[in-house]
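Peer 1: First, the structure itself, so that you have it in front of you.
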Amino acid sequence: MIDTIRAVETPEGVDLALRVAGPVPRALAFGVDLLLQGGIALGLQIALGVLGAFAGLGLGLYLIGAFGLLWFYPVVFEVRAHGQTPGKRLLGLRVVQENGTPIGWPGSVLRNFLLVADFLPLFYLAGLVSMVADESFRRLGDLAAGTLVVYADAPHARVTPIPDVTPLAPPFPLTLEEQAAVIAFAERAASLSVERTAELAAIPRALAGVDDPSARLIAHAAYLVGRTA
């Protein structure tokens, strides 16, 4: 299976290119986590056996620990480690919400608890069929929780150099915050939709004017970064 790109537009109008992970790297990451979980469970069993507590209360503690390890191991890592279990970190993967934002407790609990449904009727068949049929390789848990498994370098806004335009000095002095905002607009303009670009450029009307405000802001940014005509 090849990996694919999922385009997402944030509420601010910035386009993100999420590089979605296919079944093969996800299976490898799952295998790493499964081995790690098994090693932890074995270590707990050996420790209780050495302590002579593998009966009665000791057995109860082991079963509680095994239950927590099975169900909450991925949840805790995904929420507390920026969407990455050890297996996903090793494979360079991350779980995020469909809009590119970090995954939270509700989404992680739902996607991981529904892993049981993905194993039906046997050998992860339902999950594999779901991933093959979905353009973003989402298993049943991902569809229910609204999550994606992407490469860890994916959720970054595209920053492009300020276009090569004739610099134009602002008509009045700008604060450092205002200068930073103008430069940021010029760097992000290429990744914004036309409507969002026009909307943002119209905000500083006193600076940008009404005649092609986007172009004027970019020209001001070129001046602010030290370009000369």
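Just so it is clear, none of the values below were taken in a lab; they were calculated from the coordinates. Predicted model only: the values in this text are computed from it and were never measured. When we count neighbours, we look across all protein chains shown, and the Cβ atoms used for this are built from the backbone with ideal geometry, even at glycine.
Peer 1: Want the number for residue 211 to residue 47: 0.36 nm per residue separation, take away the alpha-carbon distance, what's left?
Peer 2: Full extension of this stretch gives 51.6 nm more.
Peer 1: For labels at residue 5 and residue 105 in the simple 7 Å Cα→Cβ model, what's the distance in nm?
Peer 2: 3.8 nm
Peer 1: So what's the angle, to the nearest 10 degrees on a 0 to 90 scale, between helix 176-188 and the longest Cα principal axis of the chain?
Peer 2: Computed tilt is about 80 degrees.
Peer 1: Let me ask another. Relative contact order for region 4-151 using alpha-carbon pairs under 8 Å, separation at least 6, rounded to a whole percent?
Peer 2: 27 percent
Peer 1: Here's another thing I want to ask about it. How compact is region 130-220 by the rule of thumb for globular proteins, expressed as Cα Rg over 2.2 N^0.38 Å?
Peer 2: 1.57
Peer 1: Can you give the longest run of the chain that contains no GluC sites (Glu not before Pro) sitting in a DSSP loop with at most 13 other Cβ atoms inside 10 Å?
Peer 2: Formally, the longest exposed-site-free interval is 13-134.
Peer 1: Let me ask something additional. If you compute semi-axes √(5λ) of the Cα gyration tensor in Å for the structure shown, which of [x] 25, 20, 19; [y] 30, 18, 14; [z] 50, 20, 14 do you land on?
Peer 2: [z]
Peer 1: Amide H to amide H under 5 Å from residue 93: which residues, 5+ apart in sequence or cross-chain, H placed 1.01 Å off N in plane?
Peer 2: Residues meeting the criterion, in which the H sits 1.01 Å from N, are 152.
Peer 1: By how many degrees, 0 to 90 and rounded to 10, does the Cα axis of helix 57-80 deviate from the longest principal axis of the chain?
Peer 2: It is inclined by approximately 20 degrees.
Peer 1: Continuing with this model, one more query. What FRET efficiency comes out for residue 72 versus residue 122 if R0 is 35 angstrom and r is the Cβ-Cβ distance? Round to the nearest 0.05.
Peer 2: In this case the efficiency is close to 0.90.
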